[in-house]
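Right, one structure below, let's go through it.
The values are calculated or read from the model by the stated rules, or taken from the named source; none is laboratory data. All values derive from a computational prediction rather than experimental measurement. As a convention, Cβ positions derive from the backbone with ideal geometry for all residues, glycine included, and neighbour counts pool all protein chains shown. Each accessible area value is taken on the protein alone, full model and side chains, heavy atoms only, with ligands, DNA and RNA left out. Shrake-Rupley method; radii C 1.70, N 1.55, O 1.52, S 1.80 Å.
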Amino acid sequence: MTNINKRYLPVEEIPPALSFKQIGYHFSGSHQQGDDYLAIANTSLSVADGEFVSVVGPTGCGKSTLLNLAAGLLMPTAGEVQVFGQRLSGLNTRAGYMFQNEVLLPWRTASENILLGLQYRGVDKQSQRQQACYWLARVGLTAFADCYPHQLSGGMRKRVALAQMLILDPDIILMDEPFSSLDIQTRYLMENEVLALWEAKKKAVLFITHDLDEAIALSDRVIVLSAGPSSHPVGEFSVNLPRPRDVNEIRHQPEFIALHAALWEVLRNEVLTGYRQQQQRG
């Protein structure tokens, strides 16, 4: 894709890092809901360069589908996805994807897993080692460089997966509930780690989560999706809390509590709608 030199563009002309323009996605044939299922409909939203945006919504509302469309793993059946103003027509090569379950090769050490993407890109071995050492240090795993995934805790494996993605220096970071399986203490540590790494380079982030606390603590904006089918945004909330943030401490601030209540008021209705629909289908 063509790189855009933002220094010579007025602010109003800088395209978002990621845009969904009236997109829809329709499953057919094999979806669990039946032969035809309209997962997402008439959805428009964007993520500016350097912005951290979280998406929340009821189970089954299409959050992961939205992320897969952003990654180019799925192509919309209506509308289009744009990356820095250019229509996405294949894999999004400017994005890094951190999945809900870390995808680490069990026969490779932490260091070897982290540099895997560099190997595929044909980076020379000396540079691979140097960058792997740098990222091991950034995520606090230098002492565990030669450990295999089964020798690492859940939080450590998440750190390896995070470094594995960030070592490729993507312009857009896509994250699908990456910390949902962690205990609460490790989760706080990982959330703060993500914020520290994001503050350093300010990449565009689209973050999927079920956790309202997590969404508010991390984000500049939070988008609420409706219950499916035909899921679409029904709420958008700016998070005007000071940065840098500690995700545990910020939860006790009155502004955080008020924003959580406002978000939950919108999300609760969609959760109840989704629950009723599941009962009817059952």
Quiz prompt | Karplus-derived 3J(HN,Hα), 6.51/-1.76/1.60, for each residue of the stretch 147-163, Hz, glycine and proline x | solution = 8, 8, x, 5, 8, 10, 6, x, x, 5, 5, 5, 5, 4, 4, 5, 5
Practice problem: Work out from phi, with θ = phi - 60° and the Karplus expression 6.51 cos²θ - 1.76 cosθ + 1.60, the ³J(HN,Hα) of each residue of the stretch 178-191, listed in order in whole Hz, and give x for Gly and Pro. | Solution: x, 10, 5, 8, 8, 5, 5, 5, 5, 4, 4, 4, 5, 4
Quiz item: Measuring from a point 7 Å past the Cα of A196 along Cα-to-C-beta, which residues in the stretch 132-159 have an amide N at less than 12 Å?
Solution: 137-141
Self-check item: trypsin sites (Lys or Arg not before Pro) restricted to DSSP loop in the stretch 187-282 with at most 15 other C-beta within 10 Å
Solution: K202
Quiz item: Any idea what the dipole of the chain comes to, in debye rounded to 20, about its Cα centre with Lys/Arg Cβ at +1 and Asp/Glu Cβ at -1?
Solution: 540
Quiz item: Sorted by accessible area (1.4 Å probe), largest first, how do S238, S46 line up?
Solution: S238, S46
Self-check item: FRET efficiency for T273 and H150, using Cβ-Cβ distance with R0 set to 30 Å, rounded to 0.05
Solution: 0.10
Self-check item: Calculated from backbone phi, Karplus (6.51, -1.76, 1.60) coupling profile of the stretch 241-253 in Hz, x at Gly/Pro
Solution: 9, x, 10, x, 10, 9, 5, 7, 5, 5, 5, 9, 7
Self-check item: Added length on full extension, which subtracts the Cα-Cα distance from 0.36 nm per residue, M75 to S180
Solution: 35.1 nm
Quiz prompt | Residues whose placed amide H lies under 5 Å from that of Q22, excluding near-sequence neighbours | solution = T43, S44, L45
Practice problem: For R108, put the label point 7 Å out on the Cα→Cβ axis and report which residues of the stretch 152-171 keep their amide N under 13 Å from it. | Solution: 160-168
Quiz item: Using a ≥ b ≥ c from the Cα gyration tensor of the stretch 176-282 (square roots of the eigenvalues), is it rounded, prolate or oblate, where a/c under 1.5 gives rounded and otherwise the larger of a/b and b/c decides, a/b for prolate?
Solution: prolate
Exercise. Evaluate the distance, in nm, between pseudo-label points positioned 7 Å from the Cα of Q100 and of S127 along their respective Cα→Cβ axes.
Key: 3.6
Self-check item: Estimated dipole of the stretch 126-201 in Debye, rounded to 20 [Cβ of Lys and Arg +1, of Asp and Glu -1, Cα centre]
Solution: 240
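For M98, M156, write out the residues from largest to smallest accessible area, computed with a 1.4 angstrom probe and no ligands counted.
Putting M98, M156 in descending order of accessible area: M156, M98.
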Quiz item: Which percent of the accessible heavy-atom area of the chain goes to carbon and sulfur, probe 1.4 angstrom?
Solution: 51
Practice problem: Return the long-range amide H neighbours of V234 (sequence gap of 5 or more, or a different chain), with a cut-off of under 5 Å between placed amide H atoms. | Solution: V224, L225, S226
Quiz item: Ignoring ligands, DNA and RNA, how do Y148, Y120 rank by accessible area with a 1.4 Å probe, largest first?
Solution: Y120, Y148
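For the stretch 90-130, what is the accessible area per residue in Å², given a 1.4 Å probe and the full set of protein chains?
Value returned for the stretch 90-130: 61 Å² of accessible area per residue.
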